[in-house]
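This report refers to the structure that appears directly beneath it.
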Amino acid sequence: MANTEVIVVGAGMSGIGAAVRLRQEGFEDVLVLERAPDLGGTWRENTYPGCACDVPSSLYSFSFAPNPGWSRLFAGQREIHDYLRTTARRHGVGPSLRFGVEVRQARWDEGERRWYLETNDGPYSAAVLVLATGPWRRPRRPEVPGLTEFDGPVMHTARWDPSVRLTGRRIAVVGGGASAVQLVPAIQERAADVHVFQRTAHWLLPKPDHGIPGWLRTPGAQQGLRAAQYRVQEGLGHALRHPRLLRPVEAAARLHLRTAVRDPGLRRALTPDYRPGCKRLLTSSTYYPALSRPHVRLHPTALAEVDGNRVIGADGSEAEADVLVLATGFHIGEVPLAESVHGPHGRTLQQTWDGDGPQAYLGTSVSGFPNLFLLLGPNVLTGSTSTLTVVEGQLAYLTAALSHLRTTGRAALDVRPAVQTRFNAAVQDALHTTVYNSGGCSSYYLSPSGRNTFCWPWSTGRLVRRLNNFDPNAYDWTPPPTASAPVRPVNEEEITA
């Protein structure tokens, strides 16, 4: 059995970031388990044409691993994947990586104060378990009659098959969200025909994407650009939390649509019937022009049926296609492995959450699951924040918690139920007035019960400040196991008394 101090599950952005920061803070006994043959997470999996970040490049990098060499204001998939590989290599995390290792079960042993993992590579154990699997892990495939019998290749954007020929083919794209907005402009020049089945229109802002000149590719210039772009994103976030301030955003989106799309019918089909930000705000300066091309047709309807090579919408419209692409996103509301992580009493995370969806304290700790940490857990993201800003805050929190365990000699910490309950009640109360909850749409921000399990209702700065100030009094602390004394959680007051 492989025994270690910390096991991180997932080698995407957050997992690699965790490995780097743990090493920097003196935690050398760390393993990162990754089921794929390479690191990269979503930037390894998503290789569809046009795939890129919709957050400015200077914000989509770690402050402890800056990259002044970004070639574009919004970096593409390959460049981001290369950045992550370079970060892992420069910070020496290679020896910690274990590729091809899939975690099947994880169980907390109360007697030994350790997590025990079952994997395809045999058993592992660790004092601390970090889930860095992210919400963009399991692709969502529509349940449509005849889909599996489609007479041609079918692929999700997150499972792109580069061997499928697109040139001169008739392509049907299902979905009108973030991946479709990037994909359609990239494939329409090669395709004979493109049919886009859009269930819901999205608000779309122009994307000021361009190459970064050499004089801006210096550490100092990138730092200044990062600070400026952070303020812009936070300004947008402020408007999302106070919907009355979204009028300029809506006006800009309507102007973008009006100037880019001349056809009144197409323009109506692309106009949302909800407030900007209720669903994820999208950015593109090429999507509307692509939809206006004569060989590209928008079907403003959900996909209802597939019959041979005919793709049929809910409104009865049809298209014949040689290739079917599912740009239908991910099961965002899930926490991967939630059904396989068992706490002290055998209950899984999923069983604990059933009903209202995932809940945690600061999106990081879950009551009843000692020494378990989530990265990009529930209620820490927004429609404007760079995920890496949040991840860095969570990594500061993680390393502070582990340092506290070391200095006090305790074996485990578990967030108090009352603390978690109060925190989540405050979050849900604050979300009521944000556009995420009140914008008049149905989105992946909301669980089936209507509870927002995704968004943080305040500023990113407020979240980062909370995460940078670890509060030991929010936790119960457990001493190391002894043969002579029964196990009893210890409050922080007892430690410091």
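Quick one: 3J(HN,Hα) in Hz for segment 430-440, Karplus 6.51/-1.76/1.60 with θ = phi - 60°, rounded, Gly and Pro as x.
3J(HN,Hα) across segment 430-440, in whole Hz: 5, 6, 4, 8, 7, 5, 4, 9, 10, x, x.
Could you work out the equivalent-ellipsoid semi-axes for segment 148-246, taking the square root of 5 times each eigenvalue of the Cα gyration tensor, largest first, in whole Å? Before the final figure, lay out the partial values.
Numbers: eigenvalues 253, 89, 26 Å².
In descending order, the three semi-axes are 36, 21, 11 Å.
Considering only the chain, what is the antiparallel percent among its DSSP beta bridges, to the nearest 5? Don't skip to the answer; put the middle values down first.
Details: 30 of 68 bridges.
The antiparallel proportion sits near 45 percent.
Grab the other residues whose beta carbon is less than 13 angstrom from that of His295, score K and R as +1, D and E as -1, and report the net. Display every interim value, and only then the final one.
Values: positive: Arg169, Arg170, Arg190, Arg293, Arg297; negative: Glu189, Asp193.
Value of the local net charge: +3.
³J(HN,Hα) across segment 456-468 via Karplus (A = 6.51, B = -1.76, C = 1.60, θ = phi - 60°), whole Hz, x for Gly/Pro?
9, x, 10, 6, 4, x, 5, 5, 4, 4, 4, 6, 7
Would you pull out the residues with amide H under 5 Å of Phe454's amide H, same chain only if 5 or more places away, H placed 1.01 Å from N?
The list, which skips near neighbours in sequence, is Asn379.
Once ligands and nucleic acids are excluded and a 1.4 Å probe is used, how much of Glu79 is accessible, expressed in Å² to the nearest 10?
50
Place +1 on the Cβ of every Lys and Arg and -1 on the Cβ of every Asp and Glu in segment 1-118, take the dipole about the Cα centre, and give the residue among Trp43, Gly69, Trp108 whose Cα lies farthest towards its positive end.
It is Gly69, whose Cα lies furthest towards the positive end.
As I understand it, the value is the acute angle between the Cα axis of helix 77-90 and the longest principal axis of the Cα atoms of the chain; what does it come to in degrees, rounded to 10?
So the helix axis and the longest Cα principal axis differ by about 20 degrees.
Compute the acute angle (0 to 90°) between the alpha-carbon long axis of helix 219-241 and the principal axis of greatest extent of the alpha-carbon atoms of the chain; round to the nearest 10°.
80
Have a look at Gln351, Val249, Ser285 and report the one farthest towards the positive end of the charge dipole of segment 229-385, computed about the Cα centre with Cβ charges (Lys/Arg +1, Asp/Glu -1).
Val249
For segment 345-497, calculate the relative contact order in percent as a whole number, restricting contacts to Cα pairs under 8 Å that are 6 or more residues apart.
Contact order relative to length: 29 percent.
Dipole of the chain, Cα-centred, from +1 at each Lys and Arg C-beta and -1 at each Asp and Glu C-beta, to the nearest 20 debye?
1580
Between segment 353-390 and segment 1-32, what is the C-alpha centre distance in whole Å?
Using only Cα atoms to place each centre, the spacing works out to 19 Å.
If I take every Cα pair under 8 Å that is 6 or more residues apart in the chain, average their sequence separation and divide by the length, what percent do I get for the relative contact order?
Normalised by residue count, the contact order of the chain is 19 percent.
I'd like to check one number: the per residue accessible area of segment 31-158, probe 1.4 Å, reported in Å² as a whole number. Walk me through the numbers on the way to the answer.
On the way: 5320 Å² over 128 residues.
Per residue, segment 31-158 has 42 Å² of solvent-accessible surface.
Leaving out ligands, DNA and RNA, what percent of the accessible area of segment 329-423 is carbon and sulfur, probe 1.4 Å?
Of the solvent-accessible surface of segment 329-423, carbon and sulfur hold 49 percent.
Put +1 on the Cβ of every Lys and Arg and -1 on every Asp and Glu Cβ in the chain; which of Val130, Ile80, Trp215 then has its Cα farthest towards the positive end of the dipole?
Trp215
Pop a pseudo-label 7 angstrom from the Cα along the beta-carbon direction at both Glu318 and Arg78 and give the gap in nm to one decimal.
Computed distance between label sites Glu318 and Arg78 equals 4.0 nm.
Apply the Karplus parameterisation 6.51 cos²θ - 1.76 cosθ + 1.60, with θ equal to phi minus 60°, to every residue of segment 386-394 and state each ³J(HN,Hα) to the nearest whole Hz, in sequence, with x for glycine and proline.
With coefficients 6.51, -1.76 and 1.60, one gets 6, 4, 6, 4, 5, 4, 4, x, 5 Hz.
Per the 1.4 Å probe, what fraction of the accessible area of segment 1-101, in percent, lies on carbon and sulfur atoms?
After summing per-atom areas, the C and S share lands at 47 percent.
Taking a label point 7 Å from the Cα of Arg104 along the Cα→Cβ vector, which residues of segment 23-42 have an amide N closer than 17 Å to it?
Hits in segment 23-42 for Arg104 at 17 Å: 34-36.
Mean residue ellipticity at 222 nm from the helices of the chain, using -39,500 (n - 2.57) per DSSP H segment of n ≥ 4 over the full residue count, to the nearest 500 deg cm²/dmol?
-9000 deg cm²/dmol, from helical runs alone.
Taking amide H positions as placed in the peptide plane 1.01 Å from N, state which residues far from Gln105 in sequence (5 or more) or on other chains have amide H under 5 Å from it.
Close amide H contacts, sequence-distant or interchain: Glu118.
For segment 99-171, list log₁₀ I(q)/I(0) at each q in 0.11, 0.27 Å⁻¹, using the Debye formula over Cα point scatterers of equal strength and ignoring solvent, two decimals each.
For segment 99-171 at q = 0.11, 0.27 Å⁻¹, log10 I(q)/I(0) is -0.55, -1.29.
Can you tell me the orientation of helix 178-187 relative to the chain, as the angle in degrees between its alpha-carbon axis and the longest Cα principal axis, to the nearest 10?
That works out to roughly 50 degrees.
For the chain, just give the cysteines left without a disulfide-compatible partner, judged by no other Cys Cβ under 4.7 Å.
Cys51, Cys53, Cys455
Relative contact order (percent) for segment 1-111, with alpha-carbon contacts under 8 angstrom and 6 or more residues of separation? It would help to have the intermediate numbers written out before the result.
On the way: 136 pairs, mean separation 37.4, N = 111.
Normalised by residue count, the contact order of segment 1-111 is 34 percent.
Might you work out the accessible area of Glu392 for me, using a 1.4 Å probe with all protein chains in place, and round it to the nearest 10 Å²?
About 40 Å², rounded to the nearest 10.
Of all accessible surface on segment 231-288 at a 1.4 Å probe, what whole percent is carbon and sulfur?
Numbers: 1640 of 3030 Å².
Result for segment 231-288: 54 percent of the exposed heavy-atom area is carbon or sulfur.
How much FRET efficiency would the formula 1/(1 + (r/R0)^6) give for Arg462 and Asp354, where r is the Cβ-Cβ distance and R0 is 30 Å, rounded to 0.05? All intermediate terms of the calculation are to be shown ahead of the outcome.
Values: r = 30 Å, r/R0 = 1.00.
Once rounded, the FRET efficiency stands at 0.50.
The values are calculated or read from the model by the stated rules, or taken from the named source; none is laboratory data. Note that this is a predicted model, so its numbers are computed, not measured. Because the Cβ atoms are built from the backbone with ideal geometry, glycine has one as well, and the counts that use them run over all protein chains shown. Side chains included, ligands, DNA and RNA excluded: accessible areas come from the protein's heavy atoms. Shrake-Rupley method; radii C 1.70, N 1.55, O 1.52, S 1.80 Å.
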